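Notes for the one structure printed next.
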């Protein structure tokens with residue numbers, strides 16, 4: 001297939017490019033730094049600087065939309081919130097505009113989202129049909145998803161992946177945590193009772209590949225492992241595998257002072273399960289947190 005990817009130079013995108021290239025697909029990556037694309041994504045990968053530059057004659061069999069500023073990379077000021085929204089929604093709107101004018105439409109659009117769609121829901125078990133709790137993370141994801149669904153009007157199959165915390169080597173949220181945990185200074189956040197829905201990067205890539213190839217699949221999928229854990233369970237597991245104590249809990253008031261509204265990401269959570277994938281008997285390679293962390297560490 002000829003596949004267009006946004007977010008292809010990121011933590012998930014670079015690994016996806018490697019998998020797709022190995023399967024014989026032809027890739028084009030949208031990047032504001034196109035000169036980096038061959039090095040990060042592979043020498044055969046083409047680069048496009050602006051989605052507006054795509055013409056009616058450009059033809060892609062599939063589009064994978066992973067673009068978006070890191071939601072936990074900076075404090076949520078008004079300017080930062082706007083950047084988070086624009087990096088997801090404006091990019092998705094530009095993709096849909098291209099699809100609308102393209103002479104030959106792609107068969108499928110796979111678009112990213114996150115389990116943050118559900119908002120903070122304490123111990124509630126969440127599947128793809130669960131109603132959300134309204135907060136900024138929910139509104140961000142809801143607008144992102146709605147922008148992608150507009151491609152359906154052009155006859156395109158749309159799949160949306162609500163991804164959990166992605167565990168993989170040399171990147172993602174784990175890269176930020178490891179330095180403190182390696183020297184025994186990790187600890188639970190707040191009460192530690194908040195849920196963490198996670199997924200190993202290899203399983204997420206397998207889900208994307210499945211959605212690319214199975215023409216019968218569409219709609220929303222939770223991109224999470226079947227075994228979410230609490231922050232306390234995650235902390236104990238990571239510290240044990242590193243053979244280190246976890247000595248420094250971070251109280252909720254401290255996180256709120258340090259991070260402001262963004263502390264909601266760490267003090268709240270989602271107990272999400274991939275019901276649709278489980279009903280299909282999707283073969284998770286890393287179904288437990290310990291197996292995923294062992295592989296990465």
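The numbers here are math on the coordinates, done by the rules we state, and not lab data. These numbers come from a predicted model, not from an experiment.
Suppose only helical runs count, i.e. DSSP H with n ≥ 4. What mean residue ellipticity at 222 nm does that imply for the chain under -39500 (n - 2.57) per run, divided by all residues and rounded to the nearest 500 deg cm²/dmol? Display every interim value, and only then the final one.
On the way: 12 runs with 111 residues, N = 297.
When only DSSP H runs of four or more count, the value is -10500 deg cm²/dmol.
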Using alpha carbons only, what's the Rg to Rh ratio of region 64-112 with Rh from Kirkwood? 1.10
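Find the eigenvalues of the gyration tensor of the Cα atoms of region 227-272, then list the square roots of 5 times those eigenvalues as equivalent ellipsoid semi-axes, largest first, in whole angstrom.
22, 16, 6
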Specify the angular offset, from 0 to 90 degrees and rounded to the nearest 10, of the alpha carbon long axis of helix 11-22 from the longest principal axis of the alpha carbons in the chain. 50
Per the Cα gyration tensor, region 127-265 corresponds to an equivalent ellipsoid with semi-axes, largest first in Å, of 33, 19, 12
Quick one: what does P(r) look like for region 67-208 with 5 Å bins over all Cα pairs, in whole %? 2, 8, 15, 19, 20, 17, 10, 5, 2, 2, 1, 0
Between 24, 155, 219, find the one with the highest GNM mean-square fluctuation for the chain; connect C-alpha pairs within less than 10 Å. 24
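So if the hydrodynamic radius of region 203-297 is defined as the Kirkwood radius over C-alpha pairs, what does Stokes-Einstein give as its diffusion coefficient at 20 °C and 1.002 mPa s, in µm² per second? Could you put the intermediate results ahead of the total?
On the way: Rh = 15.9 Å.
Approximately 135 µm²/s, per Stokes-Einstein.
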Rounded, prolate or oblate: which fits region 1-60 when a ≥ b ≥ c are the square roots of the eigenvalues of the alpha-carbon gyration tensor, with rounded for a/c under 1.5 and prolate only if a/b beats b/c? oblate
Translational diffusion coefficient of region 89-164 at 25 °C, 0.890 mPa s, Stokes-Einstein with Kirkwood Rh over Cα pairs, in µm²/s as a whole number. 186
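Looking at the P(r) of region 21-108, how many percent of alpha-carbon pairs lie beyond 18 Å? The partial results should precede the final answer.
Working: 2006 of 3828 pairs.
So the pairs more than 18 Å apart make up 52 percent of the total in region 21-108.
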Cα-Cα separations in the chain greater than 27 Å, expressed as whole percent: 40
Reference-scaled alpha-carbon Rg (2.2 N^0.38 Å with N residues) for region 1-147: 1.11
Fluctuation leader among 273, 254, 166 - the chain, Gaussian network, Cα springs under 10 angstrom: 254
Within the set 177, 280, 196, GNM on the chain using Cα springs under 10 Å gives the largest fluctuation to 280
